[in-house]
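This report concerns only the one structure given below.
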Amino acid sequence: GIQLGNLLAKTGYITYDPGFVNTGSASSAITYIDGDAGVLRYRGYPIEQLAQRSSFLEVSYLLIYGDLPSKEQLSAFVERIQRHTLLHEDLKRFFDGFPRDAHPMPVLSSAVSALSTFYQDSLNPFDQTSVELSTIRLLAKVPTIAAYAYKKSIGQPFLYPDNSLGLVENYLRMTFGLPAEPYEVDPDIARALDQLFILHADHEQNCSTSTVRMVGSSEANLFASVSAGINALFGPLHGGANAAVLDMLADIKADGGDVGKFVERVKNKEAGVRLMGFGHRVYKNYDPRAKIIKKTADDILSKLGKNDELLDIAKKLEETALSDDYFIQRNLYPNVDFYTGLIYRALGFPTEYFTVLFALGRLPGWIAHWREMMTDPARKIGRPRQVYTGAPQREYTPLDQR
Ligand code: ACO
């Protein structure tokens, strides 16, 4: 395939494929998707088994290093991450410079980009020790940055990490805890969030991962590449969809809760009206992650005793869409984002923060892909071609003659 591609490029032929719907940009051994059958596997392990039996850090290890860790390997990995959760005090001061109402995604990507300036000893993309250190630093520090982005937005003081806690517990404490008060992490909530992170951990060549690979292909360091991935995830058609789902549900509620009326607007293709959380470039069947998340949403909401009217609207929407020809003909099923927002909301996260949670989950996938690409003998700088549609050659007219 690669040789044929190179040959065609030399002969001047170009594949025109807007949105890369049918272009294999990489060969990868990380994640397998069968979109027609609704199958997702990380390194060969079905997502359902990992979501039920594994943990987010174990899955991170699996994605990055290729195999499940032994007990010793996992505890060494976890310990190493725990030792790197602190942010440099000067990096903490960055948060002061952002407006208080700043969206947390650009705050997150800016702080991750700034890691390149603080940790200059781990920037060499070809040095194994350096890559290992930046991998650990990212996994350890991004949750701290994410928690501080939240604290900043509500004007509360930052909490230092408590490294006696697990990654998710520590993150929840830094996000919702207060300096003078003990914070008890509810194990069911920590487990639900850990599971959501597992379900988001990788999804092969999606927009943000392709961005990480594209930026990394110029041999930009891991922090710079991941920061670019976070910006790609910010868009409403990608990671921003989980927040857009909640906005949509709230709009339907405000409009009297008439699900059928909303579905008609979607079907009539009213400008800007899509059924958010439905449809996927690759899945033309039920997104396997959505099935797991739907149950978690039910469990968490009933545990917290939250009777969320928006959950009822979501269920009605799903039911209506799944029995409607418009959606059936186009193979539009709920995707991972359809129910996640409801869980995040029940846990107390504000809507605009949801995409940050997606970024926390996707982080090991980005790292795994960057590392895989950097060690791929077929690696080339990403440089697509184009089909030029502009003016033919023209002669320059001086300004006074125009
Ligand atoms: N609501 C209504 N119609 C839809 C939707 C939707 N959510 N998604 C696709 N369609 C329709 C399109 O209008 C199009 O119809 P047509 O053939 O009559 O023109 C057809 O289905 C095909 O849609 P495309 O836009 O070509 O599909 P594509 O693969 O490019 O888009 C995408 C995939 C962006 C996810 C799309 O389904 C969408 O916008 N969904 C809503 C946003 C969303 O939930 N994004 C999250 C994606 S998952 C993730 O990032 C984790």
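Answer yes if at least one residue in region 298-311 is more than 12 Å from the ligand (Cβ to nearest atom), of a type in the set (Lys, Arg) and surrounded by fewer than 20 Cβ atoms within 10 Å (Cβ to Cβ), and no otherwise. Looking for residues that are more than 12 Å from the ligand (Cβ to nearest atom), of a type in the set (Lys, Arg) and surrounded by fewer than 20 Cβ atoms within 10 Å (Cβ to Cβ), one finds at least one in region 298-311, hence yes. Cβ separations smaller than 8 Å between residues 6+ apart or across chains give the following pairs from region 255-282 residues that are free of Cβ contacts under 8 Å to residues at least 60 places away in the same chain and away from the ligand (no atom under 11 Å from the Cβ) to residues that are of a type in the set (Lys, Arg) and not in a loop (DSSP other than H, G, I, E, B): Asp255/Lys261.
Condition check for Phe234 on (1) under 28 Å from Gln329 (Cα atoms); (2) within 16 Å of the ligand (Cβ to nearest atom); (3) in contact with a helix residue (DSSP H, G or I) (Cβ under 7 Å, 6 or more places away or on another chain); (4) not β-branched (Val, Ile, Thr): one failure, at (1). When restricted to residues that are within 16 Å of Leu172 (Cβ to Cβ), of a type in the set (Phe, Trp, Tyr) and within 16 Å of the ligand (Cβ to nearest atom), region 347-372 contains 1. Residues in region 329-346 that are surrounded by fewer than 24 Cβ atoms within 10 Å (Cβ to Cβ) and within 11 Å of the ligand (Cβ to nearest atom): Gln329, Arg330, Asn331, Leu332, Tyr333. Residues of region 72-109 that are of a type in the set (Asp, Glu) and part of a loop (DSSP other than H, G, I, E, B): Asp101 alone.
Counting only residues that are assigned to a strand (DSSP E or B) and closer than 16 Å to Tyr65 by Cα, region 33-43 holds 2 of them. The one condition from (1) within 24 Å of the chain's Cα centre (by Cα); (2) surrounded by fewer than 18 Cβ atoms within 10 Å (Cβ to Cβ); (3) without any contact (Cβ under 8 Å) to a residue 40 or more places away in the chain that Leu62 does not meet is (2).
Close contacts from region 35-59, counting a first residue that is within 19 Å of Phe358 (Cα to Cα) and a second that is assigned to a loop (DSSP other than H, G, I, E, B) and of a type in the set (Phe, Trp, Tyr), with Cβ to Cβ under 9 Å and a gap of 6+ residues or different chains, come to Leu40/Tyr283.
Does Phe77 satisfy the condition of being buried (at least 17 other Cβ atoms within 10 Å of the Cβ), modelled with pLDDT under 95 and more than 21 Å from Phe358 (Cβ to Cβ)? The answer is no for Phe77. Within region 18-32, if we keep just the residues that are in a loop (DSSP other than H, G, I, E, B) and not hydrophobic (A, V, I, L, M, F, W, C), the residue that is nearest to Pro69 (Cα to Cα) turns out to be Ser28.
With respect to the conditions (1) farther than 18 Å from Leu196 by Cα; (2) more than 12 Å from the ligand (Cβ to nearest atom); (3) of a type in the set (A, V, I, L, M); (4) out of contact with any Asp or Glu (no Cβ under 9 Å at 6 or more places or on another chain), Ala314 lacks only one, and its number is (4).
The values are calculated or read from the model by the stated rules, or taken from the named source; none is laboratory data. Everything numeric here is computed off the predicted structure, so don't read it as measured data. FYI the Cβ positions are ideal-geometry reconstructions off the backbone, even for glycines, and counts take in every protein chain you see.
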